[in-house]
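Read the structure below first, then the notes.
Please treat every number below as a calculation from the coordinates, not as lab data. Note that this is a predicted model, so its numbers are computed, not measured. Glycine gets a Cβ as well: all are built from the backbone with ideal geometry, and neighbour counts include every protein chain shown.
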Amino acid sequence: MVSSIGRHTLALVHGLGDFAVFTARSFQAVLGSRRLLRRVVRAAFEQGVRCLPVILIVGMFTGLVLGLQGYYVLSRFGSESLLGALVSLSLVRELGPVLAALMLVGQAGSALAAELGIQRNSEQIAALDTMGVNSLGYLVTPRLLAALMIYPMQTALFVTIGLWGGSLSGSLLLGLQPGVYWSAVERAVGSEDVRECFIKAATFGLLTIALCCYHGFNSHRNRSASGARGVSASTTRAVVQSSILVLTADYVITSFLV
């Protein structure tokens, strides 16, 4: 049992180190990349425009549910006027960055891991290396740079739509005055809350996209499966680990900023 724990611990440490080196080399490849802006724009389209519907839908229904549940909880204490503060702080500080990141991982991250895994199996990545092209700079670096911009933007959109969803629940369904709701939002949300929101969004974007790229790029290392099964296993592992990483990073960041 002790030897098994030691092997798993060493494997974990080795994996973390390999992931850190992979991410560092991807950012280092910025210096020698050509036509980087075009690839960053394409990556931003994949992570931004294509994921826009799911962000809008999930953000709206998150705000609607928060408005309903928050109103019924606050009504027990006669504090219905604080509904805007409850919805806004919940979205800005926690639910907005976390749920937006999970939605982006489920759509953009999974597609990215599968795409890189297929390129690895079809030897397209090996062909780039043979031609002297830095495969990390060509395939991974644009995705990381785009994530640092797109994740905060998508999170801001998620929070905005969620606030409107909470307003719809409070005003149309429960009879709360819109002015009372939005004045509570204005009083509750401060600059430090917005800063924390964007810090979390950028961190989640960097970690999740880097992890999805790592698993897809190294899908050929999967010993338990190869070919299509290897790509499927790498994609599943990327999504699961990215989701866990989002929640872990959320706790760590919150513990430092609160």
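Helix-only mean residue ellipticity at 222 nm, the chain, DSSP H runs n ≥ 4 weighted -39,500 (n - 2.57), per residue, nearest 500. What is it?
Details: 11 runs with 193 residues, N = 258.
My calculation for the chain gives -25000 deg cm²/dmol from helical runs alone.
What is the distance in Å between the Cα centres of region 29-93 and region 171-240?
9
With charges set only on the Cβ (+1 for Lys and Arg, -1 for Asp and Glu), what does the dipole of region 2-257 come to about its Cα centre, in debye to the nearest 20? Could the numbers behind the result be given before it?
On the way: 19 positive and 12 negative charges, 160 e Å.
The dipole magnitude comes to about 780 debye.
Would you mind calculating the relative contact order of region 2-257 from Cα pairs under 8 angstrom and at least 6 residues apart, reporting the percent as a whole number?
Details: 328 pairs, mean separation 81.2, N = 256.
It rounds to 32 percent for region 2-257.
If you take the beta carbon distance between ARG25 and LEU52 as r and set R0 to 30 Å, what does 1/(1 + (r/R0)^6) give as a FRET efficiency, to the nearest 0.05? Show your work: numbers first, answer last.
Numbers: r = 31 Å, r/R0 = 1.03.
Once rounded, the FRET efficiency stands at 0.45.
Going through the DSSP H helices of the chain, which span 24 Å or more along their own axis at the Cα atoms while scoring at least -0.5 as a mean Kyte-Doolittle hydropathy? Could the numbers behind the result be given before it?
On the way: long enough: 2-28 (39 Å, 0.55); 52-75 (34 Å, 1.77); 141-168 (41 Å, 1.09); 191-217 (39 Å, 0.72); 227-257 (44 Å, 0.85).
What comes out of the filter, once short or polar helices are dropped, is 2-28, 52-75, 141-168, 191-217, 227-257.
Among 84-95, 113-124, how do they line up by average Cβ neighbours within 10 Å per residue, starting with the highest? Spell out each step's value before the answer.
On the way: 84-95: 22.8, 113-124: 19.2.
My ranking of the peptides, most packed first, is 84-95, 113-124.
What distance in nm separates the simple spin-label points at SER75 and MET1, each placed 7 Å from Cα in the Cβ direction?
Placing both labels 7 Å beyond Cα along the Cβ direction yields 5.3 nm.
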